[in-house]
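Everything on this sheet refers to the single structure shown next.
The values are calculated or read from the model by the stated rules, or taken from the named source; none is laboratory data. Because the structure is a prediction, the values reported are computed rather than measured. Reconstructed Cβ throughout: ideal geometry from the backbone, glycine too, with neighbour counts over all protein chains shown. Ligands, DNA and RNA are stripped out before the accessible areas are found, and what is left, the full protein with its side chains, is counted by its heavy atoms. Shrake-Rupley method; radii C 1.70, N 1.55, O 1.52, S 1.80 Å.
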Protein chains: 4
Amino acid sequence: MKIGFIGLGRMGTGMARNLLHAGHEVTVYNRTREKAEALASDGARAADSPAAVARGAEAVMTMLADDAALRHVVYGEHGLAAGLERDAVHISCSTISTALSRELAAEHGKRGQGYLSSPVFGRPDAAAAKKLVVVVAGPAEAAAKFHPLFDAIGRQTTVVGTEGWQANAVKLCGNFMIASMIEAFGEAYAAMRKGGIDPHLFLEAISGLFASPVYANYGRIIADEQFDPAGFALKLGYKDARLVLETAQELAAPMPLASMNRDHLMQAMAQGQQDLDWSSLARVAARNAGI
Amino acid sequence: MKIGFIGLGRMGTGMARNLLHAGHEVTVYNRTREKAEALASDGARAADSPAAVARGAEAVMTMLADDAALRHVVYGEHGLAAGLERDAVHISCSTISTALSRELAAEHGKRGQGYLSSPVFGRPDAAAAKKLVVVVAGPAEAAAKFHPLFDAIGRQTTVVGTEGWQANAVKLCGNFMIASMIEAFGEAYAAMRKGGIDPHLFLEAISGLFASPVYANYGRIIADEQFDPAGFALKLGYKDARLVLETAQELAAPMPLASMNRDHLMQAMAQGQQDLDWSSLARVAARNAGI
Amino acid sequence: MKIGFIGLGRMGTGMARNLLHAGHEVTVYNRTREKAEALASDGARAADSPAAVARGAEAVMTMLADDAALRHVVYGEHGLAAGLERDAVHISCSTISTALSRELAAEHGKRGQGYLSSPVFGRPDAAAAKKLVVVVAGPAEAAAKFHPLFDAIGRQTTVVGTEGWQANAVKLCGNFMIASMIEAFGEAYAAMRKGGIDPHLFLEAISGLFASPVYANYGRIIADEQFDPAGFALKLGYKDARLVLETAQELAAPMPLASMNRDHLMQAMAQGQQDLDWSSLARVAARNAGI
Amino acid sequence: MKIGFIGLGRMGTGMARNLLHAGHEVTVYNRTREKAEALASDGARAADSPAAVARGAEAVMTMLADDAALRHVVYGEHGLAAGLERDAVHISCSTISTALSRELAAEHGKRGQGYLSSPVFGRPDAAAAKKLVVVVAGPAEAAAKFHPLFDAIGRQTTVVGTEGWQANAVKLCGNFMIASMIEAFGEAYAAMRKGGIDPHLFLEAISGLFASPVYANYGRIIADEQFDPAGFALKLGYKDARLVLETAQELAAPMPLASMNRDHLMQAMAQGQQDLDWSSLARVAARNAGI
């Protein structure tokens, strides 16, 4: 397919490359043009603006840091809303608020453009290795038509609903599941350490139980306190913790554990951890225990 | 080895059978004698009391429901404390309080008897299939000597410390990790359902992420609301949630998520769910969301 | 002084009347004109728009339901921003977000207009009886100049800072203190009732302790379950609970009890209590205890 | 009446003196005899043991630090259980667990002795000034007969039920109300301070609202951070926070705010505040906000 791709950060670069390797014709745009040109050897064509990327494309995928960045790409000068062809589809892969996702569906609809939401689970190495878990929501026809794109970037695609924001709700609740696991590790490790038990031994037992690479990986990072450099910065995890609560409010579904995660991430922010890995949330429990 | 085994419930029966299959000479005791006799075909000898089980045994394993049951077996008439040989070892596999574990170490010590704590992770099917995860703590020499017994009942043994109660702390914190996962599932599913998203689709995405049989299994039970019959009754999960908080108090390590789990399990108790599976904790979040 | 007053709900009517009684020349505006005309006998002049109210006035006080209503009055057609004289001051008494308060200070400033924030504590009967507690923040000169207006509507005025939003932060945190008291009453009463103790007797003891009319009043309403008609609707209390958390986020000050209040108010919303008095928050604890 | 009084700490001394001033014949006992003799000038007779105090007395009041101290006085050598006359009544004023209160009612009952529970609200100065709030529970006849004793020590007596433990539940829930207020102050002050608002100004507004001496007093202590010397030590507040949760468990009434109070008090313990005033709980919120 002839598609566009906007946002070549650590995640986006891997995703765009896998789309190219799958044989798609990809025009890319990034705020700093170097990253776009770096993909030329993989066959990408660099464009000068979101609107230029969209010219002639059946779909444009966006992978940006947050609501503000995506808003700028869509509504800014030479933006995607202006450039996207009639009947072409904006496929948003960013972890954004459900509110913005709803708004984008409406705004693109007004312009005769389509909108799919397809946030992804996985870190940059998974993006590079085509091992993302892709969550899709939006009109069924569009979801089916562009399924090959999702196959090209991930190892699993789940279509969760016909309204785009539903995929964002799933993504935010997924991050909530991970944050809850980190909180639980933090509290358990703090108790272990005050009891003279090596957290690595606790982790060995727990890994035997859960048999999950996510538990093994985060459990090790937290036991080793390897929070720097950050795989996923705490300030971004804090942003997502706020977003899931906004979604909970929209749905009138109380999520007290999500509130706790948000409060503890805010505590970590207030105590200077914004640029550490978000698993350093576990330090809050340690500090609260006097460690 | 010549050993005793007390407590032939759904867990204990599988464990005793695997000890027999590994070639150990096992004398068993159960409050209702039928269960003891049922193991005769596997080679077990049934005894009339905890004290009788202990006669001539190098070690006696106990697998009982709670502190009260274990206290009765140890301190009751013809109890284990009275019957255990000098230098023989009581190996406690039950999920009990760290306080009782400390007390047992001291009491057996006064009598010249040894004490190891070796609680296990796994449900009855894992006990039958020799797939338990065994957590051991106690004097290093004894832990090494009886390692073959742990190998006989599980797929993994982790020695976490030289004081018996430390293994109980690990076990209770492990159950806390599971309860926290259930709480997170409950909140996420409630949000999903209020958003018109099938929890099974959320689970599909999340299972892709965590790749853990524990997530897949609990996630499915909760999505299907298959809480009856209980694999592990909510009232027992509530008991463990209280025990982990007692341990947290002993260690002066605040565990606010453990408090939340306990409060929500108490809510489930107050609303009549004591005999359902403890994963029905998830119903609390649903009800709180007006579902 | 020659002033304007916008927003003649149950609170605003009492406040405007007391300003008239104190001898000020007051022009009033209300969306439904009847309420404005009802004050004619007290000497008020009714105007047709926020802008018309502002003509020739040294200050215009606003007392509206929420951010949206105030935004409409300020920025809408014939709005206050357009009509307020240069050097005249907008005195905002509404319980609004600190974010909007900051924005208004900036927007009025751009137009050469002043801005004070002066939210009030007290129910409609206190507004009528000139017994409000007034919290003021903004430029010191303006706060001093208009002090007579605050004296005219309340029994106590506290100036808390030189930036308008600070008064809103105080007001929101004050409502948080009340919500926390309601939560505490709810949990204590639930325990009392499950223990066969009449909540009224608990209240008698507690009132002896706190000697506060607020405790006596709310404690009685909750013990009697007199939640309808609402003195202050739960949905408004829920709004304020969300606003205080937004302020907490702006300030990077975790407020876990505010999170709990918000979650329990959301639970009450999800269970249909939006139009009951916000003290019906106490029902959540009762229901969670199986009552 | 001819009565005994055991426990002459800062609270008990004031209470015993007021009983003497009301004309009662009081024999006293204290572990350190000096405190007993100090009351001789007020007319007290000192005895050598709890049992000796009880000889010939219609009632014996006890005012001790905790469950352990009261257990020792009742069950220890020359204890109250042994010495109390048949049909005489043990009136327990200490803040103890509901479990111990139930046990004492049963144990005294077996011996043909009566039992009333009458914990008090108020600090030592209130005890001295006869301004305690007395909460009474137990058999109605005994509660009526000894009402003059309660009148002699307090300004208000509330009879809350016919089972002694009910008064202890009221007392523990009352302390929970105070702890919740302290937590709310702590969170609000932390937000104020991060917003550049003097907590004393917030307190002025809040005091205008609540008009409660308890708010004024605690609010000032916390704003001034005058936590040393302690009026009521944090370790004792922590003990009571644990006891109210035990009662909540007995009653199957979830008290999530009580859990939060306990966790934050535990955090304060872990961070070295055990001997400061319990209002230093507010420091936890400040520290969590990075102050």
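DSSP beta bridges fully contained in the protein assembly as shown are about 15 percent antiparallel. Each residue of region B:226-233 is assigned a 3J(HN,Hα), and the resulting list reads 8, 9, 9, x, 7, x, 9, 5 Hz, derived from the Karplus form 6.51 cos²θ - 1.76 cosθ + 1.60 (θ = phi - 60°), x at Gly and Pro.
For chain C, the longest principal axis of the Cα atoms and the long axis of helix C:10-21 meet at an angle of about 50 degrees. Expressed as a whole percent, the accessible area of region A:161-204 that falls on carbon and sulfur atoms is 50 (1.4 Å probe).
Placing a label point 7 Å from Cα along the Cα-to-Cβ direction at A:Ser41 gives distances to the equivalent points in the other copies of 6.9, 8.8, 9.6 nm, listed shortest first. Please identify which residues in region B:12-29 have an amide N closer than 17 Å to a label point set 7 Å out from the Cα of B:Ala52, following the Cα→Cβ vector. Counting backbone N atoms under 17 Å from the label point, the list is B:26-29. For region B:29-90, the convex hull drawn through the C-alpha positions has a volume of 82 cubic angstrom per residue.
Divided by 2.2 N^0.38 Å, where N counts the residues, the Cα radius of gyration of region A:169-288 comes to 1.04.
Structural descriptor for chain D: relative contact order 14 percent, calculated from alpha carbon pairs under 8 angstrom and at least 6 residues apart.
Between region D:46-113 and region B:134-164, the alpha-carbon centres lie 48 Å apart. Along the charge dipole of region B:2-162, which of B:Ala126, B:Gly12, B:His147 sits closest to the positive end, that is, farthest toward it, with unit charges on the beta carbon of Lys, Arg, Asp and Glu (+1, +1, -1, -1)? Checking the options against the dipole of region B:2-162, the answer is B:Ala126. Just want the answer: with Cβ charges of +1 for Lys and Arg and -1 for Asp and Glu, which residue in D:Leu236, D:Phe185, D:Met269 is farthest toward the dipole's positive end in region D:169-288? Farthest towards the positive pole: D:Met269.
Sorting the segments B:205-215, B:273-283 by their mean number of nearby beta carbons within 10 angstrom, highest to lowest, gives B:273-283, B:205-215. The antiparallel fraction among DSSP beta bridges confined to region B:2-162 stands at about 10%. A compact globular protein would have a Cα radius of gyration near 2.2 N^0.38 Å; the ratio found for region C:198-259 is 1.44. Compared with the dominant Cα axis of chain B, that is its longest principal axis, helix B:98-110 is turned about 0°.
Summarising the amide proton neighbourhood of A:Met61: residues at separation of 5 or more, or on other chains, whose placed amide H is nearer than 5 Å comprise A:Gly4, A:Phe5, A:Ile6, A:Ile91. The base-10 log of I(q)/I(0) for region B:67-115, evaluated at q = 0.30 Å⁻¹, reads -1.30 [Debye formula, identical scatterers on Cα atoms, solvent excluded].
Computed from Cα atoms, the angle from the helix B:199-210 axis to the main principal axis of chain B rounds to 60 degrees. With a 10 Å cut-off around each Cβ of D:130-136, the average count of Cβ atoms from other chains is 3. According to the calculation over all Cα-Cα pairs in region A:76-225, the P(r) per 10 Å bin from zero is 11, 32, 26, 17, 11, 4, 0 %.
Compactness of region D:136-238 was expressed as the Cα radius of gyration divided by 2.2 N^0.38 Å, which yields 1.41. The HN-Hα couplings worked out from phi for region C:135-143 by the Karplus form 6.51 cos²θ - 1.76 cosθ + 1.60 (θ = phi - 60°) are 10, 10, 8, x, x, 4, 4, 5, 4 Hz, whole numbers, x standing for Gly and Pro. Computed across region D:2-162, the Kirkwood radius stands at 15.1 Å (inverse of mean 1/r, all Cα pairs). Here the spin labels are modelled as points 7 Å beyond Cα on the Cα-Cβ line, and at A:Glu34 and C:Arg10 they lie 6.3 nm apart. In this assembly of identical copies, the label point of D:Lys2 (Cα plus 7 Å along Cα-to-Cβ) is separated from its counterparts by 6.8, 8.8, 11.1 nm, sorted shortest first.
Can you tell me what percent of all Cα-Cα pairs in chain D are more than 32 Å apart? I get 29 percent for the Cα pairs in chain D exceeding 32 Å. Considering the rotation that superimposes chain B on chain A, the residue of B whose beta-carbon lies nearest the axis, and that distance in Å, is B:Ser212, 2. Between the residues A:Thr62, A:Ser94, A:Thr158, the greatest Cα displacement towards the positive end of the dipole of region A:2-162, with unit charges on the Cβ of Lys, Arg, Asp and Glu, is found for A:Thr158.
Averaged over the residues of peptide B:281-288, the number of Cβ atoms from other protein chains lying within 10 Å of each residue's Cβ is 4. Each copy carries B:Gly196; placing its label point 7 Å along the C-beta direction from Cα gives inter-copy distances of 4.7, 5.2, 5.9 nm, listed from smallest up.
The mean number of partner chain beta-carbon atoms within 10 angstrom of a residue's beta-carbon across peptide A:82-91 is 0.
Of all DSSP bridge pairs formed entirely within region D:95-181, close to 35 percent run antiparallel. Residue by residue, region D:277-291 carries 3J(HN,Hα) couplings of 4, 5, 5, 5, 3, 4, 5, 4, 5, 5, 5, 5, 8, x, 7 Hz when phi is fed to the Karplus relation 6.51 cos²θ - 1.76 cosθ + 1.60 (θ = phi - 60°); x denotes Gly or Pro. Model label points for B:Glu85 and C:Ala99, set 7 angstrom from Cα along the Cα-to-Cβ axis, are 7.4 nm apart. Stokes-Einstein diffusion of the protein assembly as shown at 4 °C, 1.567 mPa s viscosity, Kirkwood radius from Cα pairs, rounded to a whole number: 39 µm²/s. In the protein assembly as shown, helical runs assigned H by DSSP with n ≥ 4 each contribute -39500 (n - 2.57); averaged across all residues and rounded to the nearest 500, the mean residue ellipticity at 222 nm is -16500 deg cm²/dmol. Counting every pair of alpha carbons in region C:1-63, the share spaced more than 20 Å apart comes to 9 percent.
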